[in-house]
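Below: the structure, in structure tokens.
The values are calculated or read from the model by the stated rules, or taken from the named source; none is laboratory data. As the structure is a prediction and not an experimental result, all values here were calculated from the model. Every residue, glycine among them, receives a Cβ derived from its backbone with ideal geometry; neighbour counts consider all protein chains shown. Remember, those area values only see protein heavy atoms, side chains included, never the ligands or the DNA or RNA. Shrake-Rupley method; radii C 1.70, N 1.55, O 1.52, S 1.80 Å.
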Amino acid sequence: MFRLILHGGAGTWRKDDERVKGALEAIEEALEKGLEILDGGGSAGEAVVKSIEIMEDSGYFNAGSGSALNIEGVREMDAAYGDSRGNIGAVASVRYPKNPVALARYVAIETDHLLLAGEGADSIAARIDLEKIGDPSKNIVFRYNELIEGYKGLKRFPRNIKVANYLYGDTVGAIALDKNRELAVAVSTGGIWLKLPGRVGDTPIFGGGFYISRDYAVCATGIGEVIMRGLISYRAYLEYEETGDVYRSLMVAIDHAGKIMPESTGLIALDINGSLAYRFNTKHMMVAYYDGNRKVSILDSNI
Ligand code: ASP
């Protein structure tokens, strides 16, 4: 038995947007490639990293090459990796690697640490010969200029959380179960558009943006400041531990997030028995999964 569930972010998409088509194609490819690895007897860890790398490279998501830019027009990316063998690692505010998820997996497996940040993390990426990311695409720079235009003339920048509805989204996450009954989770993001330099979101925070135990894994997308406040991934895990019910774990955790701020959060989860689920309180969430019977990839909607 093997399973894979991916998300392409909770937030608001314009359905007629050309980008939706491209993003759906990219998430489908990520699902296919991840499933090939799992079907061939590869590990859940390999599968989630491959799937995330495809989405990071596609430019359609807010991760890797497609990352949102901070207020200074610079990419600062967060990513994390965890597996049910107890390897956990994350990176925050990195500017160097094309695939921050690969660096997060390196931290998890090859170092004694759980979280590396900023220049130090970037220097490790260079030292282990990870590929360097290129300049942001024209579309990303165009979007940055558009957004920053709206800020001109303001005495102070509006707080991210107040304008978050259109500034976050399209982050990526993946959870896999392999034939050896091992689970792995990986997440990657450029964070929130126009964030302050040095801002770190929920994505690399264990218990916030992701959580994994021997028999359950979960990861989050949405407004990092809400997800961290509510330790939303850990909240989901506690419910799972109590009830063994994957769907219920997400229902309870999303409910909790909604009390902190409505329209803020999306989650995916998978357990060792192959049960998977997703849930979100934002307008949209893009997901793709293989549940043992069928492969699905959709831009799901709450409206
Ligand atoms: N959770 C991410 C962050 O706050 C953003 C997202 O999910 O789109 O950094």
* Asked: Considering the range 71-83 alone, what residues qualify as being of a type outside the set (A, V, I, L, M, F, W, C) and either farther than 9 Å from GLY190 by Cβ or away from the ligand (no atom under 15 Å from the Cβ) (or both)?
  -> GLU72, GLY73, TYR81, GLY82, ASP83
* Asked: Of all residues in the range 112-127, which are surrounded by fewer than 12 Cβ atoms within 10 Å (Cβ to Cβ) and either in contact (Cβ under 8 Å) with a residue 60 or more places away in the chain or outside any helix (DSSP H, G or I) (or both)?
  -> ASP112
* Matching residues, the range 64-83, being assigned to a strand (DSSP E or B) and open to solvent by less than 10 Å² (accessible area, probe 1.4 Å) -> MET77, ASP78, ALA79, ALA80, TYR81, GLY82
* Asked: Limited to the range 212-238, what total is found for residues that are surrounded by 20 or more Cβ atoms within 10 Å (Cβ to Cβ) and more than 14 Å from the ligand (Cβ to nearest atom)?
  -> 6
* Residue list for the range 168-207, filter: buried (at least 24 other Cβ atoms within 10 Å of the Cβ), in contact with a strand residue (DSSP E or B) (Cβ under 7 Å, 6 or more places away or on another chain) and not in a strand (DSSP E or B) -> TYR168, GLY169, ASP170, THR171, GLY190, GLY191, GLY201, ASP202, THR203, PRO204
* Structure fact -> Of the residues in the range 272-285, those that are assigned to a strand (DSSP E or B) and over 19 Å from VAL226 (Cβ atoms) come to LEU276, ALA277
* **Single condition GLY22 does not satisfy, out of (1) surrounded by 22 or more Cβ atoms within 10 Å (Cβ to Cβ); (2) in contact with a Phe, Trp or Tyr (Cβ under 8 Å, 6 or more places away or on another chain)** => (1)
* Structure fact -> Only one of (1) of a type outside the set (Lys, Arg); (2) surrounded by fewer than 20 Cβ atoms within 10 Å (Cβ to Cβ); (3) away from the ligand (no atom under 16 Å from the Cβ); (4) over 19 Å from LEU177 (Cα atoms) does not apply to GLY86, and that is (4)
* Only one of VAL246, VAL252 that is touching a helix residue (DSSP H, G or I) at 6+ places or on another chain (Cβ under 6 Å), more than 23 Å from MET77 (Cα to Cα) and not basic (Lys, Arg) -> VAL252
* Structure fact -> Picking from ALA102, ALA68, the residue that is touching a residue at least 12 places away in the same chain (Cβ under 8 Å) and in contact with a Phe, Trp or Tyr (Cβ under 8 Å, 6 or more places away or on another chain) would be ALA68
* To do: Could you grab me the full set of residues in the range 36-63 that are away from the ligand (no atom under 16 Å from the Cβ) and open to solvent by less than 10 Å² (accessible area, probe 1.4 Å)?
  => LEU38, ALA44, GLY45, ALA47, VAL48, SER51
